[in-house]
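Student: Let me begin by handing over the structure; questions about it come next.
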């Protein structure tokens, strides 16, 4: 009887350990993450308009607000800072920066920007230090984000409930810039 109890306790402990390791390991080994989903839609270093629910044959990435038209840009800071620039219509818009795993790190919207257009420079801490030593004049009105990684995702969303503004919103998303910006 004691032998059966020890055996049963051992099985329960091993099953618990396997369960815990599996639960914590799934997100790390998941194939469908935002980085790979956006890679399937378009290249790195350029905004790509994301499909909206019910408006495209492609399925939109999970978690997007259906009332917002969106474009995403995967970026890599190995080649230097990345400049994100866009002119959105006079409706609500937001820019969110995510790390490679899809965790939100930083955001800005039209209200916080003070009515100015979207002009953001994403730079590593080394690049930010260089900018502080020798600040170029053109960077005076640009929001500078000190990025703590090498790669990330920029998600630009524009409120798209008014049908009359959809062509203007699509044009704004199509013209949005996500490109390397040399330090001057």
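Student: Would you say residue 165 is in a strand (DSSP E or B) and either under 26 Å from residue 52 (Cα atoms) or in contact with a helix residue (DSSP H, G or I) (Cβ under 7 Å, 6 or more places away or on another chain) (or both)? Even if it seems obvious, please write down each step before you answer.
Tutor: On the way: in a strand (DSSP E or B): no; either under 26 Å from residue 52 (Cα atoms) or in contact with a helix residue (DSSP H, G or I) (Cβ under 7 Å, 6 or more places away or on another chain) (or both): yes.
The answer is no for residue 165.
Student: From the list 8, 84, pick out the single residue that is at pLDDT 90 or above, buried (at least 18 other Cβ atoms within 10 Å of the Cβ) and not in a loop (DSSP other than H, G, I, E, B).
Tutor: Result: 84 is the single residue among 8, 84 that is at pLDDT 90 or above, buried (at least 18 other Cβ atoms within 10 Å of the Cβ) and not in a loop (DSSP other than H, G, I, E, B).
Student: Sticking with this structure for a sec: Which of the residues that make up region 104-127 are crowded, with 17+ Cβ neighbours inside 10 Å and more than 26 Å from residue 157 (Cα to Cα)?
Tutor: 127, the sole residue that qualifies.
Student: While we're looking at this one, here's another question. So if I check each of 83, 101, which one is under 19 Å from the mean Cα position of the chain (by Cα) and under 20 Å from residue 37 (Cα atoms)?
Tutor: 101
Student: Still on this structure, I have one more. Go over the candidates 99, 76, 90 one by one and state the one that is in contact (Cβ under 8 Å) with a residue 24 or more places away in the chain and surrounded by fewer than 16 Cβ atoms within 10 Å (Cβ to Cβ).
Tutor: Checking each option against the conditions leaves just 76.
Student: Got at least one residue in region 73-82 being touching a helix residue (DSSP H, G or I) at 6+ places or on another chain (Cβ under 6 Å) and assigned by TED's automatic domain parsing to the domain that holds residue 159?
Tutor: yes
Student: For residues that are in contact with a strand residue (DSSP E or B) (Cβ under 9 Å, 6 or more places away or on another chain) and in a loop (DSSP other than H, G, I, E, B), scanning just region 129-160, find the one that is surrounded by the most Cβ atoms within 10 Å (Cβ to Cβ).
Tutor: Selected residue: 160.
The values are calculated or read from the model by the stated rules, or taken from the named source; none is laboratory data. Since the structure is predicted, the reported quantities are computational estimates derived from the model, not experimental observations. Ideal geometry is used to build each Cβ from the backbone, glycine not excepted, and the neighbour counts take in all protein chains shown.
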